[in-house]
Amino acid sequence: MGFFDFMRKKQTDNKFNQSFYWGGNGYTNNDDTNANKYIEEGYNINGDVFSIVNQISNKLISIPYSVKKIESKQAKTKHNKLLKAVNYNPSVSQKVRLNALELKSYVEGEMNLPFETPNPTQSWDEFFKLSEDFLNLTGNIYWYKLMPEEGADAGSPIQVYCLPSHLIEIVLRNDANMLSVDSPIDYYIMEDRATYVKFKREEIVHLSINNPNYGTNGEHLYGQSPLRAVWRNIEASNKGLDLNLNTLKNGGVFGFIHSKGTALTGDQAQELKERLKEMNKSPEDLSRIAGISAEIGFTRLSLSADELKPFEYLKYNQKQICNALGWSDTLLNNDDGGKYDKQVTELKRVLINTVLPHVKMIEDAFNLNILQTIKGYEDSCIYFDYKELPEMQIDIETMSKWIVSLKDVGMLTGNEGRNFIGLEPSEDPNMDMFTVKDDIMSLEDALLPKDELTL
């Protein structure tokens, strides 16, 4: 075997695929059977899930975003290397990431997004918000690129849609080479009762949250929903609300009314029941007064709301759901949510730990798989400028005091201080000198003996 034959063999051996993708030939298996329930019994009817998911996605689309042209030769070279890597092997797109912060220094001038709206039924804000909602609910985002098969725009997206993640299944290739670096995915389908739609692999952009549930049927190709680990808390929350509603409907706890002396006959018991129903229905005060000759007792068969303490359990479940989604229950309008300063701190924490990592995923996938496949946008990137958010603004008062103290001892120049708080540099040459408190003089002059300064 020659050297190049040996190298080719080393490049195509893929023991990972050999271990998990047994033979393709059909549908993959998403072992999370609650995908539909996350929408129907979570987002649709559970107020905590709805509120948390919406707060996250609303915060994401509050970040100003724009498309910028990459002007620097260095940035273009970097982009070209990334594109070559992705074109050679699409699977590496999950590893090869655009560093938006680094690229920001290389880009100049804003461009319009490639289309005024991603599709006829959504704005770009709605598109990105729905994408984030599905990521938090199901662990997956599937973007469909509508691309002409012929003509000047063949292979270039003209519209983009966010598909319902809980209805998507991944199908493996029948002829997949389990030892190669090629993707084993053949196509995707969207199926819901009588609806069946097939999407080509190149038409779909799939983003997912990491899934450690590896399996021979491709379970790990699907992202893991953050709600999977707290599904019992969601069920408990729903059940608690149901029980609380039933208690209110019943007017309290339920039980048996009975005579403490001579037992009531069947007719007497039925008459008593009918009279109680009439009293409950009538709005008249006098109709609620009734008399009975026998001594009556009541035996309770359920616990009261005070004994059950349902709201304490609901708070516990709420906190667990927040933890799973990377949010804070302090931000859910709780009475014990803390003061304003605590809420500001918590909002900044979840923004950095939860929202921004998702923003990075969306940026990377949009740049690599959508923008740079559209003619005229090959050297462009979308950028979410999170530093513009109020929560990310530097505390100007604290920063100013810190800058002044350093400037007063000659550790910073005036222009360095201005740069720290985002101001343009001054053209005054004194602003580039190290000066000390109470006078604008150089640090060297301030250190000279006083008799030398008077000469």
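Can you give me the ranges of the helices (runs of 4 or more DSSP H) entirely in segment 348-429 with at least 2 residues that are out of contact with any Pro (no Cβ under 6 Å at 6 or more places or on another chain) and within 19 Å of residue 118 (Cα to Cα)?
356-369
If you scan segment 360-382, which residues turn out to be β-branched (Val, Ile, Thr) and at pLDDT 95 or above?
The first filter runs over segment 360-382 and keeps only residues β-branched (Val, Ile, Thr), leaving 362, 370, 373-374, 382.
Scanning segment 360-382 gives a single hit, 362.
Only one of 308, 301 is modelled with pLDDT under 80 and surrounded by 16 or more Cβ atoms within 10 Å (Cβ to Cβ); which? Before the answer, list the steps.
Numbers: 301 fails: surrounded by 16 or more Cβ atoms within 10 Å (Cβ to Cβ).
Unique residue meeting the criteria: 308.
What is the one condition in (1) in contact with a Gly (Cβ under 8 Å, 6 or more places away or on another chain); (2) at pLDDT 70 or above; (3) open to solvent by less than 90 Å² (accessible area, probe 1.4 Å) that residue 352 does not satisfy?
Going through (1) in contact with a Gly (Cβ under 8 Å, 6 or more places away or on another chain); (2) at pLDDT 70 or above; (3) open to solvent by less than 90 Å² (accessible area, probe 1.4 Å) one by one, residue 352 breaks only (1).
With closer than 27 Å to residue 126 by Cα and part of a loop (DSSP other than H, G, I, E, B) as the only criterion, which of 156, 183 stands out?
Values: 183 fails: closer than 27 Å to residue 126 by Cα.
After ruling out the rest, the residue left standing is 156.
Which condition number in (1) farther than 22 Å from residue 373 by Cα; (2) at pLDDT 90 or above; (3) open to solvent by less than 40 Å² (accessible area, probe 1.4 Å) is the one that residue 224 fails?
(3)
Just the residues that are out of contact with any Gly (no Cβ under 8 Å at 6 or more places or on another chain) and either modelled with pLDDT of 75 or more or surrounded by fewer than 14 Cβ atoms within 10 Å (Cβ to Cβ) (or both), please, taken from segment 434-444. Spell out how you get there, then give the answer.
Restricting attention to segment 434-444, the residues satisfying the condition of being out of contact with any Gly (no Cβ under 8 Å at 6 or more places or on another chain) are 437-442, 444.
Result: 437, 438, 439, 440, 444.
Taking the condition modelled with pLDDT under 80, within 30 Å of residue 317 (Cα to Cα) and among the hydrophobic types (A, V, I, L, M, F, W, C), does residue 253 pass?
On the way: modelled with pLDDT under 80: yes; within 30 Å of residue 317 (Cα to Cα): yes; among the hydrophobic types (A, V, I, L, M, F, W, C): yes.
It is true that residue 253 is modelled with pLDDT under 80, within 30 Å of residue 317 (Cα to Cα) and among the hydrophobic types (A, V, I, L, M, F, W, C).
Among all residue pairs at least 6 apart or on different chains, which show Cβ distances below 6 Å where the first residue, located in segment 167-184, is more than 20 Å from residue 142 (Cα to Cα) and of a type in the set (Phe, Trp, Tyr) and the second is assigned to a strand (DSSP E or B) and modelled with pLDDT of 80 or more?
From residues that are more than 20 Å from residue 142 (Cα to Cα) and of a type in the set (Phe, Trp, Tyr), there are no pairs.
Please work out which residue is farthest from the chain's Cα centre (by Cα), limiting yourself to segment 378-421 and to residues that are under 17 Å from residue 64 (Cα atoms) and open to solvent by 40 Å² or more (accessible area, probe 1.4 Å).
From segment 378-421, those under 17 Å from residue 64 (Cα atoms) are 380-393; that's our starting set.
Add one more test, that the residue is open to solvent by 40 Å² or more (accessible area, probe 1.4 Å), and what stays is 386-388, 390, 392-393.
Details: 386: 15, 387: 18, 388: 19, 390: 19, 392: 18, 393: 22 Å.
Among those residues, the one meeting the criterion is 393.
Does segment 364-375 contain at least one residue that is surrounded by 13 or more Cβ atoms within 10 Å (Cβ to Cβ), in contact with a Leu (Cβ under 9 Å, 6 or more places away or on another chain), in contact (Cβ under 8 Å) with a residue 12 or more places away in the chain and more than 20 Å from residue 201 (Cα to Cα)?
No, every residue in segment 364-375 fails to be surrounded by 13 or more Cβ atoms within 10 Å (Cβ to Cβ), in contact with a Leu (Cβ under 9 Å, 6 or more places away or on another chain), in contact (Cβ under 8 Å) with a residue 12 or more places away in the chain and more than 20 Å from residue 201 (Cα to Cα).
Only one of these is farther than 30 Å from residue 133 by Cβ, modelled with pLDDT of 70 or more and small (Gly, Ala, Ser): 269, 290. Name it. Lay out the reasoning, then the answer.
On the way: 290 fails: modelled with pLDDT of 70 or more.
Result: 269 is the single residue among 269, 290 that is farther than 30 Å from residue 133 by Cβ, modelled with pLDDT of 70 or more and small (Gly, Ala, Ser).
In segment 231-250, what count of residues is obtained for those that are aliphatic (A, V, I, L, M) and either modelled with pLDDT of 90 or more or under 25 Å from residue 139 (Cα atoms) (or both)?
Of all residues in segment 231-250, those aliphatic (A, V, I, L, M) come to 234, 236, 241, 243, 245, 248.
With the extra rule that they be either modelled with pLDDT of 90 or more or under 25 Å from residue 139 (Cα atoms) (or both), the set shrinks to 234, 236.
Residues meeting the conditions: 2.
So which residues in segment 123-166 are in contact with a strand residue (DSSP E or B) (Cβ under 7 Å, 6 or more places away or on another chain), of a type outside the set (Ser, Thr, Tyr) and open to solvent by less than 10 Å² (accessible area, probe 1.4 Å)?
Scanning segment 123-166 gives 127, 135, 139, 140, 141, 143, 157, 160.
Residue by residue through segment 401-429, note down the ones that are over 24 Å from residue 387 (Cβ atoms) and either modelled with pLDDT under 80 or hydrophobic (A, V, I, L, M, F, W, C) (or both).
Matches in segment 401-429: 409, 411.
For segment 40-49, give me each residue that is surrounded by fewer than 21 Cβ atoms within 10 Å (Cβ to Cβ) and β-branched (Val, Ile, Thr).
45, the sole residue that qualifies.
Inspect all residues belonging to segment 167-177 and state whether any of them is buried (at least 21 other Cβ atoms within 10 Å of the Cβ) and polar (S, T, N, Q). If you could, list the steps in order and put the result at the bottom.
First, pick out the residues of segment 167-177 that are buried (at least 21 other Cβ atoms within 10 Å of the Cβ): 168, 170, 172.
So of that shortlist, the ones also polar (S, T, N, Q) come out as none.
For segment 167-177, residues buried (at least 21 other Cβ atoms within 10 Å of the Cβ) and polar (S, T, N, Q): absent.
Which pairs do you get when a residue that is of a type in the set (S, T, N, Q), found in segment 191-215, comes within reach of a residue that is open to solvent by less than 50 Å² (accessible area, probe 1.4 Å) and assigned to a strand (DSSP E or B), reach meaning Cβ atoms under 7 angstrom, with the pair 6+ apart or on two chains?
208/140
For the structure I just gave you, tell me whether residue 233 is closer than 27 Å to residue 363 by Cβ and of a type in the set (S, T, N, Q). Give the derivation first.
Working: closer than 27 Å to residue 363 by Cβ: no; of a type in the set (S, T, N, Q): yes.
For residue 233, the condition - closer than 27 Å to residue 363 by Cβ and of a type in the set (S, T, N, Q) - is not met.
The values are calculated or read from the model by the stated rules, or taken from the named source; none is laboratory data. The structure presented is a predicted model; accordingly, all values stated were derived computationally and were not measured. Positions of Cβ are generated from backbone atoms using ideal geometry, with glycine treated the same way; all protein chains shown enter the neighbour counts. Please note that ligands, DNA and RNA were not included when accessible areas were found on the heavy atoms of the full protein model with its side chains. Shrake-Rupley method; radii C 1.70, N 1.55, O 1.52, S 1.80 Å.
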